[in-house]
Amino acid sequence: MKIISKGAIPDQRIWRYVFHADFECLRKYQSGDWTPELTKKFSKILDDVRIENTWKRTNSGRLVGVSKLLLRNLKKHNYDSITILDLGASDGITTLELQEFLQTEFMEKKISVTIMDKFLELKVYKKYFLKEYRATTGGPVLLRVWRLGLRLPDSEHKWCIFSNFFSSIYLKLSKFRSSFVESHTISLLNPLVCNNKSISLIEQDCFKYNVKLHHKFDVIRVSNLLNKQYFSDDQIRLGIENIRMYLKEGGVVAISRNVLSKGIEVEQGSLWKKENEKLILQEEIGEGSEVKYLV
């Protein structure tokens, strides 16, 4: 159980043990005049959103290395237009940056991006003074009691024994929880992304194959999604197989993860090219993708 902050959690790491971000601020920011400062605040609140064991953490400028990696390989080919699939894009701000970065480099070409993310919004349910935030799949995210919040289905801190005890008891109250009334939804997408006509959205699990996307994309980026921390090797192999099927022949896919090195976040990733229906490793940044042995 933590205190609901008035916005994002303060920067100092210690406050993550004290506060939850106020998810309602996402809704408030979207209804106001959009500014670069609100973009930062929006992403910082998403840092505290965990849905089905995956975090929505993101921030502007986080994937510069992968963007440059893709650019180097795209320049080797002559495209009339470039279609991109961005898997697990959080609030979409890094997707927007990729689209604008490549559009600047390829002024005469159309750069279109599709975001595929399993969770593009939260649903808010209310009863009395209680609010429960749930994923669109129905999965529990957070219980709010006035200015107190309880992470669901359990805490990210292993030592939070009492919080986990209360969470488990609460989640067993299925009849009580089913009596909650849906109040509103909160979009998890940055409004700048929603207003960009070159970016389209698909709310879907990356492990479920979408036949409509078969051989559709020149480029696929998968950053901070197919992490061993989140998924089993079998799940990751399934995700990679779907990616291979979505790629056009000659297309490229970059899989990366941001990791902490001496307190600084760095990008590590690998890029493959699809040749004769196989993914062939082309280039790496840092130590390469942690899942490259599964490709």
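The values are calculated or read from the model by the stated rules, or taken from the named source; none is laboratory data. Values in this document were obtained by computation on a predicted structure and should not be read as measured data. Cβ atoms come from the backbone with ideal geometry, glycine included; neighbour counts cover every protein chain shown.
A few notes on this one:
- Number of the condition not met by D48 [criteria: (1) of a type outside the set (A, V, I, L, M); (2) farther than 26 Å from L271 by Cβ; (3) outside any helix (DSSP H, G or I); (4) at pLDDT below 90]: (4)
- The set of residues in the range 8-42 being touching a strand residue (DSSP E or B) at 6+ places or on another chain (Cβ under 7 Å), exposed (fewer than 13 other Cβ atoms within 10 Å of the Cβ) and at pLDDT below 90 is empty.
- T83 being closer than 17 Å to D22 by Cα and polar (S, T, N, Q): no
- Some residue of the range 117-126 being of a type outside the set (K, R) and out of contact with any strand residue (DSSP E or B) (no Cβ under 8 Å at 6 or more places or on another chain): no
- Enumeration of residues in the range 58-76 that are within 23 Å of N242 (Cβ to Cβ) and of a type outside the set (A, V, I, L, M, F, W, C): T58, S67, N73
- Any chance K76 is surrounded by fewer than 16 Cβ atoms within 10 Å (Cβ to Cβ) and touching a Ser or Thr at 6+ places or on another chain (Cβ under 8 Å): no
- Any pair with Cβ under 7 angstrom, 6 or more apart, that starts in the range 170-184 at a residue that is free of Cβ contacts under 8 Å to residues at least 40 places away in the same chain and ends at one that is not in a loop (DSSP other than H, G, I, E, B): Y170/L143; L171/P140
- Verdict on I115 being under 23 Å from K248 (Cβ atoms), in contact with a Gly (Cβ under 6 Å, 6 or more places away or on another chain) and buried (at least 20 other Cβ atoms within 10 Å of the Cβ): yes
- Some residue of the range 67-85 being under 26 Å from G139 (Cβ atoms), touching a strand residue (DSSP E or B) at 6+ places or on another chain (Cβ under 6 Å) and not basic (K, R): yes
- Considering only residues in the range 46-68 that are β-branched (V, I, T) and under 13 Å from the mean Cα position of the chain (by Cα), the one that is nearest to F231 (Cα to Cα) turns out to be T54.
This table checks each residue for (1) free of Cβ contacts under 8 Å to residues at least 40 places away in the same chain; (2) in contact with a Gly (Cβ under 8 Å, 6 or more places away or on another chain); (3) within 22 Å of E132 (Cβ to Cβ).
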site: A8; (1), (2), (3): no, no, yes
site: I14; (1), (2), (3): yes, no, no
site: V18; (1), (2), (3): yes, no, yes
site: K41; (1), (2), (3): yes, yes, no
site: K75; (1), (2), (3): yes, no, no
site: T83; (1), (2), (3): no, no, no
site: G92; (1), (2), (3): no, no, no
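- Hey, R144 in contact (Cβ under 8 Å) with a residue 24 or more places away in the chain and part of a helix (DSSP H, G or I) or not: no
- Flag for L70 being over 16 Å from L188 (Cα atoms) and surrounded by 20 or more Cβ atoms within 10 Å (Cβ to Cβ): yes
- The criterion of at least 1 residues that are under 22 Å from E132 (Cα atoms), among the basic types (K, R) and over 21 Å from the mean Cα position of the chain (by Cα) is met by none of the strands (runs of 3 or more DSSP E) wholly inside the range 148-246.
- K131 buried (at least 17 other Cβ atoms within 10 Å of the Cβ), more than 16 Å from the chain's Cα centre (by Cα) and not in a helix (DSSP H, G or I): yes
- Selected residue (only one of L96, L46, L63 is more than 30 Å from G138 (Cα to Cα), surrounded by 19 or more Cβ atoms within 10 Å (Cβ to Cβ) and not small (G, A, S)): L63
- G269 falls short of the stated requirement of being surrounded by 16 or more Cβ atoms within 10 Å (Cβ to Cβ) and more than 18 Å from the chain's Cα centre (by Cα).
- Taken together, the criteria place N78 among residues that are farther than 18 Å from E265 by Cβ, of a type in the set (S, T, N, Q), assigned to a loop (DSSP other than H, G, I, E, B) and out of contact with any Lys or Arg (no Cβ under 6 Å at 6 or more places or on another chain).
- Within the range 255-281, tally of residues that are touching a residue at least 60 places away in the same chain (Cβ under 8 Å) and within 24 Å of I51 (Cβ to Cβ): 5
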